[in-house]
1. Give me a count of the residues in the stretch 312-322 that are buried (at least 22 other Cβ atoms within 10 Å of the Cβ) and under 14 Å from N271 (Cα atoms).
2. Quick check: is even one residue across the stretch 337-347 surrounded by 12 or more Cβ atoms within 10 Å (Cβ to Cβ), closer than 30 Å to K2 by Cα and in contact (Cβ under 8 Å) with a residue 24 or more places away in the chain?
3. Of these, E92, E38, E80, E105, which one is in contact (Cβ under 8 Å) with a residue 60 or more places away in the chain and over 24 Å from F351 (Cα atoms)?
4. Does the stretch 182-195 contain at least one residue that is modelled with pLDDT of 95 or more, closer than 26 Å to A4 by Cβ and outside any helix (DSSP H, G or I)?
5. Do we find that Y113 is farther than 21 Å from I17 by Cα and not β-branched (V, I, T) in this structure?
6. Before we move on, is R379 under 30 Å from A31 (Cα atoms), in contact (Cβ under 8 Å) with a residue 40 or more places away in the chain and not acidic (D, E)?
7. When you look at K355, is it more than 19 Å from Y66 (Cβ to Cβ) and either loosely packed, with under 12 Cβ neighbours inside 10 Å or within 20 Å of the chain's Cα centre (by Cα) (or both), yes or no?
8. Which one of these is under 21 Å from Y155 (Cα atoms) and either among the charged types (D, E, K, R) or at pLDDT 90 or above (or both): E297, E222, E203, E279?
Amino acid sequence: MKQALTGITVVEYGSFITAPYAARLLADFGAEVIKIEEPDSGDESRKKGPFPGDIPDIEKSGLFSYLNWNKSGITLNPKESAGKEIFKQLIEKTDVLIEDKAASEMEALGLDYISLVTVNPRLIVTSITPFGQTGVYRDYKAYPLNIAHGSGAAYVLPCGDAYLADPDREPIKTGGDIGEYNCAETAAFATVAALFWREISGEGQHVDISKREALSSLSRYEFARYNEGFIENRASRSFPVGGLMYCQDGFVEVMLMEKKNWEGLITMIGNPEWSKKPEYQYERVVKGFGKQEELNEQVKYEVNNYLTCWMLEHTKEEIFHKGQAAGACVTKVATTQDVLESEQFKARNFFVNVKHPQLGTYEYPSWPCKFSEMPLSVRKPAPLLGQDNAEIYSKLGYSKHEMIQLKAAGII
């Protein structure tokens, strides 16, 4: 079955998470993606776990497998002149190049957008860098930790219960490299927009993705409040009553943004006698988001104590369903096991089994969208290092003997 991007060819020259995941999203929608890796060493994510039995193996990385299914894979060193020419040969018939190298590096190689557009005028180049192709930081390096803090995201995200005990403690990293995935989604969306533009105008273009800006764009609320004279931080994002709370088998999150949230919470816990006292009414207990200083500390302590005692008598699953029935704004803090065992995820077939020749068969998260007319699927597992060299280089006109010579020279 044809998919939305069937007929589109993408070359991915990237490593770790952002560029590979952006390219994989395009592959999932039908694009033919050719992934370029360094000979011998391969993509950085090959060296990252999880690994079966916790034994490192570049062909058995769960992270690499997740980020690179539905792609073909070749090895190529474009830093060598022969490799550079092969790179340009690939680009001649390519619709999109997704790359994550430093702007100065691509310019030095003669593989930047200005150079490549002379080879293929309809080419779309999506460049992903920490700070973008322009500006005083364009040549600065950064890692996910730098981006999380440089964007402002890590400063305001309350991670776990540590911020409750000490809201003024130093900022900590965001979990799971979430910024890298967010940037990848931004890059994929922007690339599809550029493809639409090419259909209208007939022209390719350079898509400039700044990881820092992609992550900062999620913090619009904090920036808006700053313009009002309020500096958002983890403490102000917590709640005077409720928030992250212990329960019988883990944690739940209770939010009290509006009066109806408080009323739903009281209904959920059975309308206890204490909740009917004047000092425990909504107007006294919940003064509004970011205004904890207005709440009487004694009232705050007493109400949280009452709530905690109730929570500790119930499981997070019980609390979640009771909250839904009562109209309370409460949810369980799900562990990995909770997510994998979720009946809702199972009902929607969210997890897919992917069989890999070296890694074996494992379950992976699939897609957050479903289409009535265009089902998504894992057509093939992530490639082994250099798996498709023979097929792709033969299509470019290279003989077996030439490929052996190129391999011996460290070009492929």
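The values are calculated or read from the model by the stated rules, or taken from the named source; none is laboratory data. Source: prediction; values computed, not measured. FYI the Cβ positions are ideal-geometry reconstructions off the backbone, even for glycines, and counts take in every protein chain you see.
1. Of the residues in the stretch 312-322, 0 are buried (at least 22 other Cβ atoms within 10 Å of the Cβ) and under 14 Å from N271 (Cα atoms).
2. We begin by selecting, within the stretch 337-347, every residue surrounded by 12 or more Cβ atoms within 10 Å (Cβ to Cβ); these are 338-340, 342, 345.
Filter again for closer than 30 Å to K2 by Cα, leaving 345.
Those left that are additionally in contact (Cβ under 8 Å) with a residue 24 or more places away in the chain: none.
Within the stretch 337-347, none of the residues are surrounded by 12 or more Cβ atoms within 10 Å (Cβ to Cβ), closer than 30 Å to K2 by Cα and in contact (Cβ under 8 Å) with a residue 24 or more places away in the chain.
3. E80
4. Residues of the stretch 182-195 that are modelled with pLDDT of 95 or more, as a first pass: 183-195.
Add one more test, that the residue is closer than 26 Å to A4 by Cβ, and what stays is 183-195.
Adding the requirement that they be outside any helix (DSSP H, G or I) leaves none.
No, the stretch 182-195 has no match at all.
5. Yes.
6. Details: under 30 Å from A31 (Cα atoms): yes; in contact (Cβ under 8 Å) with a residue 40 or more places away in the chain: yes; not acidic (D, E): yes.
Considered against the rule, which asks whether it is under 30 Å from A31 (Cα atoms), in contact (Cβ under 8 Å) with a residue 40 or more places away in the chain and not acidic (D, E), R379 comes out as yes.
7. Values: more than 19 Å from Y66 (Cβ to Cβ): no; either loosely packed, with under 12 Cβ neighbours inside 10 Å or within 20 Å of the chain's Cα centre (by Cα) (or both): yes.
In short, no.
8. Values: E297 fails: under 21 Å from Y155 (Cα atoms); E203 fails: under 21 Å from Y155 (Cα atoms); E279 fails: under 21 Å from Y155 (Cα atoms).
Unique residue meeting the criteria: E222.
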